[in-house]
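**Student:** Pasting a structure here, questions to come.
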Amino acid sequence: MRSSTRQDWLAAAALLAGLFAALLLYAALTMLRSPTGSVDAGDDATAGSPRERSLSGPGYRVGGLGRGAAGGVVGGAVSALLGIGGGPVMVPVMHLLMGVPLRVAAATSNLMIGVTASASAVIYLLRGEIDPYVAGPTAIGVFLGATAGSRVAHRINIRILRVLFVAVLLYTAFQMSRRALGLAG
Amino acid sequence: LTGLPPARPATEAPEDASLEDAIARLLTLGTYAAVALLIVGVVGLLLGGRSPLDGGPRLDLGRLVSDLAALRPDGFLWLGLVVVIATPPARVAASLVRYLARRERGMAVIAFLILGIIALSIVVAIVSEG
């Protein structure tokens with residue numbers, strides 16, 4: 001009975017990884033094809049709800065808050081279940097579905113992912129599933145990388161940033177495909 | 001493009017700005033303190049001849065205090081990690097205070113909901129483990 005439950009869980013995890021790989025591949029291809037996102041930063045300042053208008057920034061207009069919220073649920077679930085962080089989901093969701101520029105989407109995702117991850121990290125912490133010896137050095141590396149990345153982000157050409165992000169999406173899709181096929185843990 | 005509304009009010013009350021500065025400084029200090037604790041912990045681990053791949057202990061609050069008092073690396077690592085995990089919710093709590101001070105009801109509700117979801121996830125984890 002217990003063995004059957006474990007097999008069911010592994011099959012569900014493989015299916016989830018496969019679906020996520022397909023989603024990442026779709027997001028990567030869409031980002032290559034649609035450099036400005038689906039919400040046009042048009043001249044009509046009166047379009048959208050008052051809340052959406054209040055969230056717009058210089059040169060762009062935010063839309064699709066409902067789609068963004070739904071994407072956030074997917075991003076949070078994927079972050080907690082697969083341990084990859086929600087960035088690969090939330091950046092394409094904000095950029096392609098909500099019309100947020102790539103740099104702003106990356107910065108916003110950075111802020112959000114900390115909150116998303118902390119909710120699931122507390123659960124893992126209470127279950128004793130966080131290894132401090134692995135998490136400590138990794139967190140130092142993340143801090144150094146995030147500090148350097150946020151300082152150079154504004155100096156990098158947006159096309160290079162886009163290609164880098166698509167490369168990360170494709171690599172993550174590749175890793176998820178390996179997990180779905182049982183080739184990786 | 002012109003004619004788009006600004007993302008935030010163009011003017012800000014001085015007391016709001018000073019509150020924001022204080023919160024930002026506190027959070028930055030918290031992040032640097034967490035990283036400093038982690039560096040001390042990792043260096044102590046390596047000096048003690050242990051590998052990060054050896055597998056560390058679970059978090060035990062009682063032991064955390066004694067580890068810190070005895071300057072053991074495990075204590076520094078766990079305290080640093082707890083600060084790392086606590087920083088994002090602290091940032092949301094700080095935002096909630098800021099929105100309430102500015103009377104931005106909509107954003108205050110969103111910040112409150114986020115804190116509520118984090119609290120709920122903790123309660124669910126405690127109940128399901130207990």
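**Student:** Taking region B:63-85 as the search range and keeping residues that are within 16 Å of A:A119 (Cβ to Cβ) and either free of Cβ contacts under 8 Å to residues at least 40 places away in the same chain or basic (K, R) (or both), which one is nearest to the other protein chains (Cβ to nearest Cβ)?
**Tutor:** Residue satisfying both the conditions and the ranking: B:I85.
**Student:** Here's another thing I want to ask about it. Among the listed residues B:G49, B:G41, identify the single one that is open to solvent by less than 50 Å² (accessible area, probe 1.4 Å) and at pLDDT 80 or above.
**Tutor:** Answer to the selection: B:G41.
**Student:** What residue, of B:A111, B:A94, B:A70, B:A101, is surrounded by fewer than 19 Cβ atoms within 10 Å (Cβ to Cβ) and under 19 Å from the mean Cα position of the chain (by Cα)?
**Tutor:** Answer to the selection: B:A94.
**Student:** Quick one: which helices (runs of 4 or more DSSP H) lie wholly within region A:1-101 and hold at least 3 residues that are at pLDDT below 70 and open to solvent by 60 Å² or more (accessible area, probe 1.4 Å)?
**Tutor:** Details: elements: A:2-33, A:50-54, A:65-82, A:87-92.
Qualifying helices (runs of 4 or more DSSP H): A:2-33, A:50-54.
**Student:** How many residues are farther than 13 Å from B:I122 by Cβ and open to solvent by 20 Å² or more (accessible area, probe 1.4 Å) if we restrict to region A:102-128?
**Tutor:** Qualifying residue count, region A:102-128: 14.
**Student:** Oh, and also: Among the residues of region B:86-105, how many are within 7 Å of another protein chain (Cβ to nearest Cβ) and without any contact (Cβ under 8 Å) to a residue 12 or more places away in the chain?
**Tutor:** Count: 1.
**Student:** Being out of contact with any Ser or Thr (no Cβ under 6 Å at 6 or more places or on another chain), open to solvent by 60 Å² or more (accessible area, probe 1.4 Å), in a helix (DSSP H, G or I) and under 16 Å from A:D131 (Cβ atoms): is that true of B:L77 here? Break it down into steps so the answer makes sense when it comes.
**Tutor:** Numbers: out of contact with any Ser or Thr (no Cβ under 6 Å at 6 or more places or on another chain): yes; open to solvent by 60 Å² or more (accessible area, probe 1.4 Å): no; in a helix (DSSP H, G or I): yes; under 16 Å from A:D131 (Cβ atoms): yes.
When the stated conditions are applied, B:L77 does not pass them.
**Student:** Sticking with this structure for a sec: For A:G149, indicate whether it is more than 8 Å from chain B (Cβ to nearest Cβ) and either surrounded by fewer than 18 Cβ atoms within 10 Å (Cβ to Cβ) or of a type outside the set (A, V, I, L, M) (or both).
**Tutor:** Taking the combined requirement at face value, the residue satisfies it.
**Student:** While we're looking at this one, here's another question. Could you grab the pairs with beta carbons closer than 7 Å, sequence gap of 6+ or different chains, first residue in region B:42-56 and outside any loop (DSSP other than H, G, I, E, B), second one open to solvent by less than 40 Å² (accessible area, probe 1.4 Å) and of a type in the set (V, I, T)?
**Tutor:** B:V42/A:I140
**Student:** Looking at A:L169, is it more than 12 Å from every other protein chain (Cβ to nearest Cβ) and more than 30 Å from B:V127 (Cα to Cα)?
**Tutor:** Yes; evaluated as a whole, the condition is true for this residue.
The values are calculated or read from the model by the stated rules, or taken from the named source; none is laboratory data. Not measured: the values here are computed from a predicted model. Please note: Cβ atoms are built from the backbone with ideal geometry, for glycine as well, and neighbour counts cover all protein chains shown. Heads up: the accessible areas ignore ligands, DNA and RNA and are worked out on the full protein's heavy atoms, side chains in. Shrake-Rupley method; radii C 1.70, N 1.55, O 1.52, S 1.80 Å.
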